[in-house]
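The values are calculated or read from the model by the stated rules, or taken from the named source; none is laboratory data. What you are looking at is a predicted structure, and each value in this text was computed from that prediction instead of being measured. All Cβ positions, even for glycine, are placed from backbone atoms using ideal geometry, and neighbour counts span all protein chains on display.
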Amino acid sequence: MVELDDLKTVVMFSSLKDPMLKKIAEVTLVTEFSAGSYIFKEGDYAKYLYAVIDGKIGLELEKGTGTTIMMDTVIRGRSLGFSALVDTELRQYTTHARALTDVKLFAWEAAELEKLFYQDYEFGFLFMKSIARIAKNRLQVRNLQFLDIYK
């Protein structure tokens with residue numbers, strides 16, 4: 001089982017109490033990807049939420065011409081794949097996530113997290129509040145990038 005101190009390195013868990021982290025630890029998986037491989041691609045079924053333990057991931061969008069654009073990078077302690085919890089009808093990832101280095105990740109199946117949220121509404125609220133903060137930050141980064149492109 002994953003140690004609580006390891007989970008405390010995940011930024012989105014900063015507002016969670018130890019009993020909540022213990023619940024997360026019970027459903028936490030650890031997975032690895034080699035540099036250059038895709039964790040997921042835009043449009044794939046969004047089954048997992050991830051957080052980086054070690055390594056670096058690029059979030060990319062593909063232009064209509066087949067060119068990919070690096071939108072953001074995700075490093076140790078940061079999360080990706082929040083579409084697994086937000087896009088409840090289609091559950092599709094909105095970007096590509098490619099390992100820029102060899103990466104080690106925490107992974108949580110969305111269905112398992114949702115069960116925990118129904119069991120403890122405060123936990124679910126605090127967790128989703130963190131997800132909303134991540135989404136807002138990513139939108140702000142995209143907005144700045146688009147402003148730079150269209151100056």
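Below are the figures for this structure:
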| read-out | value |
| --- | --- |
| LYS22 being over 24 Å from VAL141 (Cβ atoms), in contact with a strand residue (DSSP E or B) (Cβ under 7 Å, 6 or more places away or on another chain) and among the basic types (Lys, Arg) | no |
| All positions within region 94-120 that are closer than 20 Å to THR28 by Cβ and of a type in the set (Ser, Thr, Tyr) | TYR118 |
| The one condition in (1) over 18 Å from ARG78 (Cβ atoms); (2) modelled with pLDDT under 95; (3) polar (S, T, N, Q) that SER14 fails to fulfil | (1) |
| Scan of region 9-59 for residues that are charged (D, E, K, R) and part of a strand (DSSP E or B), ordered by number | GLU32, ASP54 |
| Options LYS56, LYS63: the member that is surrounded by fewer than 13 Cβ atoms within 10 Å (Cβ to Cβ), touching a strand residue (DSSP E or B) at 6+ places or on another chain (Cβ under 7 Å) and either under 19 Å from GLU114 (Cβ atoms) or not small (Gly, Ala, Ser) (or both) | LYS63 |
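Every residue, every condition in (1) farther than 14 Å from TYR50 by Cα; (2) in contact with a strand residue (DSSP E or B) (Cβ under 8 Å, 6 or more places away or on another chain); (3) of a type in the set (Ser, Thr, Tyr), yes or no:
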residue: ASP72; (1), (2), (3): yes, yes, no
residue: SER83; (1), (2), (3): no, yes, yes
residue: ASP87; (1), (2), (3): yes, no, no
residue: ARG91; (1), (2), (3): yes, yes, no
residue: ALA99; (1), (2), (3): no, yes, no
residue: ALA111; (1), (2), (3): no, no, no
residue: LEU116; (1), (2), (3): yes, no, no
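Every residue, every condition in (1) among the charged types (D, E, K, R); (2) touching a helix residue (DSSP H, G or I) at 6+ places or on another chain (Cβ under 6 Å), yes or no:
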position	(1), (2)
GLU32	yes, no
SER37	no, no
GLY43	no, no
LEU49	no, yes
GLY55	no, no
GLU62	yes, no
VAL74	no, no
GLY77	no, yes
